[in-house]
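Take a look at the structure set out below.
Nothing in this text is a laboratory measurement; each read-out follows from the coordinates by a stated rule. It should be emphasised that the depicted structure is a prediction, and the values quoted were computed from it without experimental measurement. As a convention, Cβ positions derive from the backbone with ideal geometry for all residues, glycine included, and neighbour counts pool all protein chains shown.
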Amino acid sequence: MSCGMAVVRIRGLVHIRTGVYDCFKSMGLTRKNHCTIIPDTKEYQGMIFKVKDYVSWGEIDDKTATLLLKTRGRIVGDKKLTDQYVKDNSKYSGIGQLASALSRGEAKVRDVKGLKPVFRLNPPRKGFERKGIKKPFKLGGALGYRGEKINALLERMT
């Protein structure tokens with residue numbers, strides 16, 4: 001079963017290789033603390049593998065996707081995303097239904113006309129994990145695959 005993946009850029013762009021930079025551009029993650037929601041496909045898994053030393057990712061749930069869309073979702077003109085806008089510019093009846101489809105991997109952020117695919121987040125409250133932004137999550141750092149724990153990070157960053 002496919003699901004939606006949230007990818008958060010943790011590290012900056014100093015001393016990164018060209019291939020890694022191109023993957024970031026393809027995903028729209030051009031700056032630190034930017035987040036995007038992508039479907040769990042083979043193509044995106046390849047991109048995530050290439051940028052794994054700079055990002056953290058995991059499966060997003062409905063509650064967190066709704067929170068991201070309501071607080072950090074922006075449309076062209078830097079205006080907030082509303083239920084009415086989603087209803088008028090997509091096949092979804094509101095932000096909740098869109099968030100549910102995103103978390104199941106059945107929709108893409110680009111399905112809503114004019115919705116920006118990147119969420120600009122704050123640095124996390126209480127900071128990243130103890131070992132910092134250069135170590136993997138399994139070893140107490142902030143990078144790499146988090147699974148369901150990505151939702152806690154995103155809540156601290158919104």
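Return the Rg/Rh value of the stretch 23-91, two decimal places, where both radii are evaluated on C-alpha atoms and Rh is the Kirkwood radius. Using Cα coordinates only, the ratio equals 1.00.
Over the chain, what is the mean sequence separation of C-alpha contacts under 8 Å (at least six apart), divided by residue count, expressed as relative contact order in percent? Intermediate values should be presented prior to the final figure.
Numbers: 294 pairs, mean separation 47.1, N = 158.
Computed over the chain, the figure is 30 percent.
For the chain, modelled as a GNM whose springs connect Cα atoms under 10 angstrom apart, the maximal fluctuation among ASP22, ASP78, ASP61 occurs at ASP78. If R0 is taken as 35 Å, the Cβ-Cβ distance between GLU155 and THR18 corresponds to a FRET efficiency of 0.55. Matching the structure-derived Rg and Dmax of the Cα atoms in Å against the labelled list [x] 32.7, 112; [y] 18.8, 58; [z] 15.0, 46 gives the label [z]. About its Cα centre, the dipole of the chain is roughly 700 debye, where the only charges are +1 on Lys and Arg Cβ and -1 on Asp and Glu Cβ.
How long are the semi-axes of the equivalent ellipsoid of the stretch 62-116, taking √(5λ) for every eigenvalue λ of the Cα gyration tensor, in whole Å from largest down? Each step should come with its number before you reach the end.
Values: eigenvalues 48, 29, 18 Å².
Working from the Cα gyration tensor, I get semi-axes of 15, 12, 10 Å.
Looking at the stretch 1-31, the trypsin sites (Lys or Arg not before Pro) that sit in a DSSP loop and have at most 15 other Cβ atoms within 10 Å of their own Cβ are ARG17, ARG31.
Can you give me the relative contact order of the stretch 62-116 as a percent, contacts being Cα pairs under 8 Å and 6 or more apart? Display every interim value, and only then the final one.
Working: 65 pairs, mean separation 21.3, N = 55.
That works out to 39 percent.
For GLU43 and SER93, a Förster radius of 25 Å and the Cβ-Cβ distance give a FRET efficiency of 0.30, rounded to the nearest 0.05. Can you tell which of LEU143, LEU98, LEU81 shows the greatest fluctuation in a Gaussian network model of the chain with Cα springs below 10 Å? Comparing LEU143, LEU98, LEU81 in the GNM, the peak value goes to LEU81.
In the chain, with Lys and Arg counted as +1 and Asp and Glu as -1 at Cβ, which of these residues, THR36, ILE133, SER100, has the Cα nearest the positive end of the dipole, that is, farthest along it? Farthest towards the positive pole: ILE133. Distance between the 7 Å Cα→Cβ label points at THR71 and GLN84: 2.4 nm. If R0 equals 25 Å, the separation of the Cβ atoms of LYS131 and ARG31 corresponds to a calculated FRET efficiency of about 0.60.
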